[in-house]
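Colleague: Can you read through this structure? Questions will come right after.
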Amino acid sequence: MTTLRFLTAGESHGPALIGILEGIPAGLLLSSGDIDKQLMRRQAGYGRGGRMKIEQDHAEIISGVRWGKTIGSPISLLIENKDWKNWQEGMSPEGRYEHSISAVTRPRPGHADLAGILKYAQKDIRNILERSSARETTTRVAIGAVTKKFLFEFGISINSYVIQIGNVRMQDAGFGIQGKEIFKKAGTSPVRCPDDETTKKMVKLIDKAVKNGDSLGGIFEVVATGIPPGIGSHIQWDRKLDARLSLAISSIQAIKGVEIGLGFKIAEKFGSEVMDEIFYKQKAKGSPPRAEQKAEEYPGFYRKTNNAGGIEGGMSNGMPVIIRAAMKPIPTLKKPLRSVDIITRENIKAAYERSDTCAVPAASVIGEAMTAITIADALLEKFGGDSMDETKRNFDAYMEYIKKF
């Protein structure tokens, strides 16, 4: 059983989305504003669809927080769907509104539509698409915002940027680009890419896809810094940090590939080229190292490379954790692909639901959220604590032990 538990509920055009997070210690400063900042980031990005013009997501904290601080009980969040006013009959739980809108019977290739209706014995694809929609990730970002705030108390930061959309890739996009300026530039780019020239090319390619009624996928990278060594475990398969992160990231809608560190490129090289050699610098007396110092300037064990992406043997090794994810093009197309009507069995064009052209920038924010949830879970597994003071005491004692090792 994990230390943190969370659930999401709600349909894309239902009254609201709901999230429940259990396991955050008491005493964490938290407000709806902390959550709304992350929700706003998810809604941004060039290539988003019409829904983003309707929704301005706001998280209402229903429980688990009193007077600006968590109290140890489950945190529940409610995010209203502004478009619900147009769907009150079509998505009503009341039986008297059955058949008030036409059933969706044309499954979209690449979506959950056909597999879902077969699994759940449905004749209306809307009963599947409403929940399988990426709208569900709004709640994950809200929950991720809480865990981000928690991790910040321990000096852990999680950021992301886009390195590729379609066939346009950031030149020399090596993995693990770090630094506040890089993340800041990504935040000001309409496609969350820190390179200006690549951003222009990505925007141009998205415009082409819009014109053609097509869609685009891409690749984003998540960087988690400040994680101490020893988070996760080699003891069992389901406690390995890289396994847990891979599950979390691949659970995001449309994600088809996940890499840790150098990823698949590591298979092309000799072992002598990719293992991160270990060095040691004698601990000096006086003040602790400054945050801007390079890894080799820190006292104790360090590495000059990070091909492992900050994880070895299922455990963090003190280097930044680097995760890369590939997102497929969104399967809902304005120029639909061929399909078959589930009722008439006729060859038809797939249904069109309001959708994005490219959601890779938004997916990177969702990737941050899922990374934050996973790392917060592993951190609490290591340090425990029912209150923030207790967790911090345990964390500080461990960090002191690491310094003296």
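Colleague: Among the numbered conditions (1) buried (at least 22 other Cβ atoms within 10 Å of the Cβ); (2) within 17 Å of the chain's Cα centre (by Cα), tell me where THR199 comes up short.
Modeller: Failed condition: (2).
Colleague: From the list PRO229, PRO190, which one is under 21 Å from the mean Cα position of the chain (by Cα), more than 30 Å from SER63 (Cα to Cα) and not in a helix (DSSP H, G or I)?
Modeller: On the way: PRO229 fails: under 21 Å from the mean Cα position of the chain (by Cα).
Only one candidate passes the filter, namely PRO190.
Colleague: Please identify the pairs in which a residue from the stretch 258-284 that is charged (D, E, K, R) has its Cβ atom under 9 Å from the Cβ atom of a residue that is exposed (fewer than 10 other Cβ atoms within 10 Å of the Cβ), counting only partners at least 6 apart or on another chain.
Modeller: LYS283/LYS404
Colleague: Follow-up. When residues of the stretch 80-119 are filtered for being within 32 Å of the chain's Cα centre (by Cα), acidic (Asp, Glu) and either more than 19 Å from ILE348 (Cα to Cα) or surrounded by fewer than 13 Cβ atoms within 10 Å (Cβ to Cβ) (or both), how many remain?
Modeller: Summing the residues that are within 32 Å of the chain's Cα centre (by Cα), acidic (Asp, Glu) and either more than 19 Å from ILE348 (Cα to Cα) or surrounded by fewer than 13 Cβ atoms within 10 Å (Cβ to Cβ) (or both) in the stretch 80-119 gives 2.
Colleague: Answer yes if at least one residue in the stretch 165-179 is out of contact with any Leu (no Cβ under 9 Å at 6 or more places or on another chain), buried (at least 22 other Cβ atoms within 10 Å of the Cβ) and either more than 20 Å from GLY33 (Cα to Cα) or not aliphatic (A, V, I, L, M) (or both), and no otherwise.
Modeller: Checking the stretch 165-179: at least one residue is out of contact with any Leu (no Cβ under 9 Å at 6 or more places or on another chain), buried (at least 22 other Cβ atoms within 10 Å of the Cβ) and either more than 20 Å from GLY33 (Cα to Cα) or not aliphatic (A, V, I, L, M) (or both).
Colleague: Next up: Report every pair of residues separated by at least 6 positions or lying on different chains whose Cβ atoms are under 8 Å apart, first residue within the stretch 358-386 and over 11 Å from ARG192 (Cβ atoms), second acidic (Asp, Glu) and outside any strand (DSSP E or B).
Modeller: The qualifying pairs are GLY384/GLU390.
Colleague: Of the conditions (1) surrounded by fewer than 20 Cβ atoms within 10 Å (Cβ to Cβ); (2) modelled with pLDDT of 95 or more, ILE54 satisfies every one except a single condition; which number is it?
Modeller: (2)
The values are calculated or read from the model by the stated rules, or taken from the named source; none is laboratory data. Quick caveat, the model's predicted, so the values are computed rather than measured. Backbone-built Cβ (ideal geometry, glycine too); neighbour counts: all protein chains shown.
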